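J.: I have a structure here, written as structure tokens, and I will follow up with some questions on it.
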């Protein structure tokens with residue numbers, strides 16, 4: 001009987017040492033949480049991400065921008081995720097339907113390639129600002145590599161509008 005009592009006591013003392021955690025949910029490892037800058041939701045790690053080039057309003061103000069449309073003369077409202085058409089609205093005006101690049105094919109009237117023309121591809125829109133030495137047109141557009149930039153581009157197959 002004494003042997004049995006000692007066996008039960010020994011098992012009771014050693015059981016917590018060898019047992020695994022039996023939690024109903026996974027543990028939040030603080031190293032994962034803080035190293036990724038995210039938060040846990042529904043017991044899974046889901047990082048909180050912002051798109052490239054997006055800032056809080058206070059960050060924009062500290063950088064000296066008064067609004068998203070500060071580069072042009074027209075106010076186009078808040079910038080959408082795909083913003084090349086929106087950027088053209090800050091330059092040329094137009095309603096929210098022009099936030100979609102392909103809708104710029106209806107802008108103005110058909111034209112030949114020239115400085116000042118709007119050039120429209122299926123998923124992108126920009127404006128011609130010059131011609132490069134190699135004969136390609138210099139096109140300025142928004143959301144080109146995540147920013148506004150000017151570069152020489154082929155306009156083969158594009159719609160040109162004035």
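J.: Look at the range 79-121 and say how many of its residues are farther than 22 Å from residue 156 by Cα, in contact (Cβ under 8 Å) with a residue 24 or more places away in the chain and surrounded by fewer than 14 Cβ atoms within 10 Å (Cβ to Cβ).
T.: 1
J.: Take the residues in the range 78-100 that are more than 19 Å from the chain's Cα centre (by Cα) and part of a loop (DSSP other than H, G, I, E, B), then tell me which one is nearest to residue 140 (Cα to Cα).
T.: Looking at the filtered set, the residue picked out is 93.
Let's see how each residue does on (1) assigned to a strand (DSSP E or B); (2) under 25 Å from the mean Cα position of the chain (by Cα); (3) at pLDDT 95 or above:
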position: 102; (1), (2), (3): no, yes, yes
position: 114; (1), (2), (3): no, no, yes
position: 119; (1), (2), (3): yes, yes, yes
position: 129; (1), (2), (3): yes, no, yes
position: 133; (1), (2), (3): no, no, no
position: 139; (1), (2), (3): yes, yes, yes
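The values are calculated or read from the model by the stated rules, or taken from the named source; none is laboratory data. A quick note: this is a predicted structure, and the numbers were derived from the prediction, not measured. Cβ: placed from backbone, ideal geometry, glycine included. Neighbour counts: every protein chain shown.
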